Amino acid sequence: MLHPFIRLISLVILGLLLTACGQQKADKKPASAKQKNNRSHLVAIELVSLKSLGLSHQRNGTLKARQSVRIFNQEEGRITGLPHFEGDPVEQGETLVRLEDDLLKAELAKAAATSRQMQTNLHRLEKLAKRNAVSDDELARARTDLNVAEAEQRLLQTRLGYTRITAPFRGVVSQRLAEPGDVVPRHTHLMTLIDPDSLITRILVSDLLLPQLKLEDPVSVRIDGLGNNSYPGKIVRIHPELDENTRMGIVEVALEPVPPGARPGQFCRITINSANQPRLTIPFNALQRDTKGEYVYLLEEDQTTSRRAVTSGLRIADRLEILTGLNPGERIVTRGFLGLKTGIKVDPVNH
């Protein structure tokens, strides 16, 4: 058991030690707080400037034949000739379909005979009319009968021509939907003919990019089915209307020339390169958005930040075009947004 005096001295020493430790902690606290208050908000900045840049955009599409026609019959009857199959090339004017024409030929021969009869009858009446042996009404009826007979003859001649359907252009048969011996009613889809040298693709382009494009602009086309090669093409048509929901317009691109092996239905990628022009751009990550709209942080002369509303345009690689809100020579914050507010003093890490 310790002596009471020794115990008392031990307690006094312990108290002094605890008091000293507490004082040390108290002295350290203000220094730490002061250090924290003096710490700067670090940001990265960029000087805004105009740069001559061109746009490069890739759009996906599907090849299709611009010149394509579906062959229908205008006369009913039995098919007697259908010589071409899918993939067969045909020349312009070559026969594609033949229909049975015996009945029409017989009706045409009958109409021709009737016309001749009416012509003979009219001549006879005209001779009698010179001797006043026939009335004017009879002569007029004879002329009318002849006109009707000749019109019937022309009608049958036209219908007979419909029994032979020829190719309207040089192309390739892409569909064969009937066979010889089939009896088909009028306006039946018999086959489809395409021109494989008129391949185009339609792509969707935003209303922001459309003003940068014009007819005959060159483009690059890559067809997945033909490997990694790129083929030349050009813009041949820009549709005047936009989709009111997506604000996208249709642009037609033609392959010139069409590469060997290209076929309608193939998937393709079109790269559009517009001409260089001065653009005000900022890093994509520098643009901020909230419920009030798009904005950036400006670095003022006193090293504080301010908010500036902007309007963005097209994205170009990792940068974004700014249409309104910024001027060349101004400095914007590009990194260090965590905890950043308007009016806060910052320390740029790059000058």
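Overview of values
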{"quantity": "Total residues in region 219-234, condition free of Cβ contacts under 8 Å to residues at least 24 places away in the same chain and under 19 Å from Arg66 (Cβ atoms)", "calculated": "1"}
{"quantity": "Filter result (more than 26 Å from Pro264 (Cβ to Cβ), of a type in the set (Val, Ile, Thr) and in contact (Cβ under 8 Å) with a residue 24 or more places away in the chain) within region 153-183", "calculated": "Thr163, Val183"}
{"quantity": "Residue match in region 293-309 (condition: part of a strand (DSSP E or B), farther than 30 Å from Asp195 by Cα and modelled with pLDDT under 90)", "calculated": "no"}
{"quantity": "Residue within region 127-137 that is out of contact with any Gly (no Cβ under 9 Å at 6 or more places or on another chain) and under 28 Å from Gly265 (Cβ atoms) present", "calculated": "no"}
{"quantity": "Condition met for Ala178 (outside any strand (DSSP E or B), in the same structural domain as Lys105 (by TED's automatic domain parsing) and modelled with pLDDT of 95 or more)", "calculated": "no"}
{"quantity": "Of the criteria (1) among the small types (Gly, Ala, Ser); (2) within 20 Å of Leu323 (Cα to Cα); (3) part of a helix (DSSP H, G or I), which one Gly225 fails", "calculated": "(2)"}
{"quantity": "Options Ile282, Ile272: the member that is part of a strand (DSSP E or B) and over 25 Å from Asp217 (Cβ atoms)", "calculated": "Ile282"}
{"quantity": "Single residue of Gly233, Gly225 found to be surrounded by fewer than 16 Cβ atoms within 10 Å (Cβ to Cβ), within 21 Å of Asp197 (Cβ to Cβ) and not hydrophobic (A, V, I, L, M, F, W, C)", "calculated": "Gly225"}
{"quantity": "Filter result for Leu340 (aliphatic (A, V, I, L, M) and either under 25 Å from Gln212 (Cβ atoms) or assigned to a strand (DSSP E or B) (or both))", "calculated": "no"}
{"quantity": "Within region 230-253, considering residues that are among the charged types (D, E, K, R) and within 18 Å of Ser274 (Cβ to Cβ), the one farthest from the chain's Cα centre (by Cα)", "calculated": "Lys234"}
{"quantity": "Residue ID - nearest to Leu193 (Cα to Cα), chosen from residues in region 74-118 that are among the polar types (S, T, N, Q) and surrounded by 12 or more Cβ atoms within 10 Å (Cβ to Cβ)", "calculated": "Thr95"}
{"quantity": "Which listed residue, of Leu160, Leu190, Leu215, is closer than 30 Å to Ser115 by Cβ and either part of a loop (DSSP other than H, G, I, E, B) or over 26 Å from the mean Cα position of the chain (by Cα) (or both)", "calculated": "Leu160"}
{"quantity": "Residue that is at pLDDT 95 or above and under 17 Å from Asn60 (Cβ atoms), where the choices are Val183, Val253, Val172", "calculated": "Val253"}
{"quantity": "Residues within region 301-333 that are within 19 Å of Ile344 (Cα to Cα), touching a Gly at 6+ places or on another chain (Cβ under 9 Å) and not basic (Lys, Arg), tallied", "calculated": "4"}
{"quantity": "Residue list for region 260-274, filter: touching a helix residue (DSSP H, G or I) at 6+ places or on another chain (Cβ under 8 Å), on the phi < 0 side of the Ramachandran plot and loosely packed, with under 14 Cβ neighbours inside 10 Å", "calculated": "Phe267"}
{"quantity": "Checking Ala262 against (1) part of a strand (DSSP E or B); (2) in the same structural domain as Asp224 (by TED's automatic domain parsing), the condition it does not meet", "calculated": "(1)"}
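Per-residue answers, yes or no, for (1) assigned by TED's automatic domain parsing to the domain that holds His189; (2) under 30 Å from Phe72 (Cβ atoms); (3) under 56 Å from the mean Cα position of the chain (by Cα); (4) touching a residue at least 40 places away in the same chain (Cβ under 8 Å):
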position	(1), (2), (3), (4)
Ala106	no, yes, yes, no
Lys110	no, yes, no, no
Gln119	no, no, no, no
His123	no, no, no, no
Leu128	no, no, no, no
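Residue by residue, here is whether (1) over 25 Å from the mean Cα position of the chain (by Cα); (2) of a type in the set (Gly, Ala, Ser); (3) closer than 23 Å to Val205 by Cβ; (4) in the same structural domain as Lys214 (by TED's automatic domain parsing) holds:
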site: Leu255; (1), (2), (3), (4): no, no, yes, yes
site: Gln266; (1), (2), (3), (4): no, no, yes, yes
site: Pro283; (1), (2), (3), (4): yes, no, no, no
site: Gln288; (1), (2), (3), (4): yes, no, no, no
site: Glu294; (1), (2), (3), (4): yes, no, yes, no
site: Leu298; (1), (2), (3), (4): yes, no, no, no
site: Ala309; (1), (2), (3), (4): yes, yes, no, no
site: Gly336; (1), (2), (3), (4): yes, yes, no, no
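The values are calculated or read from the model by the stated rules, or taken from the named source; none is laboratory data. Everything numeric here is computed off the predicted structure, so don't read it as measured data. Counting neighbours? That spans all protein chains shown, and the Cβs are built from the backbone with ideal geometry, glycine included.
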